Amino acid sequence: MHEMSLSQSMLEIIQEHAVADGFQSVKVVRLEIGALSCVEPEALGFCFDSVTRGTVAEGAALDIIRVPGHAWCWTCSRIVDIERHGDPCPGCCGHQMQTRTGNEMKIKELEVA
Ligand SMILES: [Zn+2]
């Protein structure tokens, strides 16, 4: 399951930070998720809860920020925002698009106690 491996890598990052910064528990994990990443926020929350049990991140809330994807439009010759794979260009409604970003997921901030 996609969300399960994401949760595990998030936990690894959080644990590295906990060691480096010396905090005992995490209250909020602020995440940026690309609109094209196919991450289901509900499934991610569920997996995150289960992998973090007994760790510094136990009980932490996920605050998910959706960031739009970016694609290059060959017709407009510029980068445009898209919400989903296969969306037409918002400028010219064309489909001559090449996805640039939007698949990424990263931890933006941790609120710790
Ligand atoms: Zn266009």
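The values are calculated or read from the model by the stated rules, or taken from the named source; none is laboratory data. Just so it is clear, the structure is predicted and the values come from calculations on it, not from any experiment. Note that each Cβ is placed from the backbone with ideal geometry, even for glycine, and that neighbours are counted across all protein chains shown. Side chains included, ligands, DNA and RNA excluded: accessible areas come from the protein's heavy atoms. Shrake-Rupley method; radii C 1.70, N 1.55, O 1.52, S 1.80 Å.
When 67, 26 are compared by accessible area of protein heavy atoms, the largest-first order is 67, 26, using a 1.4 Å probe.
Computed 3J(HN,Hα) for segment 23-31, one whole-Hz value per residue from the Karplus formula 6.51 cos²θ - 1.76 cosθ + 1.60 where θ = phi - 60°, is 8, 9, 8, 10, 8, 9, 10, 9, 10, glycine and proline marked x.
Exposure check, 1.4 Å probe, all protein chains in place: residue 87 carries approximately 40 Å² of accessible surface.
Applying a DSSP loop filter and a limit of 10 other Cβ atoms within 10 Å to the chymotrypsin sites (Phe, Trp or Tyr not before Pro) in segment 12-113 leaves nothing.
Backbone phi angles across segment 46-62, fed through the Karplus curve with coefficients 6.51, -1.76 and 1.60 (θ = phi - 60°), yield HN-Hα couplings of 5, 5, 4, 4, 6, 6, 8, 4, x, 10, 4, 9, 4, x, 5, 8, 9 Hz in residue order; Gly and Pro are listed as x. Note on residue 101/residue 25: beta-carbon distance plugged into 1/(1 + (r/R0)^6) with R0 of 25 Å gives a FRET efficiency of 0.20.
By the beta carbon rule, with partners counted only under 4.7 Å, the chain holds these lone Cys residues: 38, 47, 92, 93. Solvent-accessible surface of segment 2-112, averaged per residue with a 1.4 angstrom probe and all protein chains in place: 58 square angstrom.
Give the range of the longest stretch in the chain that excludes all GluC sites (Glu not before Pro) found in loop regions by DSSP and having at most 15 other beta-carbon atoms within 10 Å. Walk me through the intermediate numbers first.
Values: sites that count: 58, 83, 104.
Excluding the exposed sites themselves, the longest stretch runs over 1-57.
Return the carbon/sulfur percentage of the accessible area of segment 2-112, one whole number, probe 1.4 Å, all protein chains in place.
That fraction is 50 percent.
Entry for segment 1-40 at q = 0.19, 0.35 Å⁻¹: log10 I(q)/I(0) = -0.65, -1.22, Debye formula applied to identical alpha-carbon scatterers, no solvent contribution.
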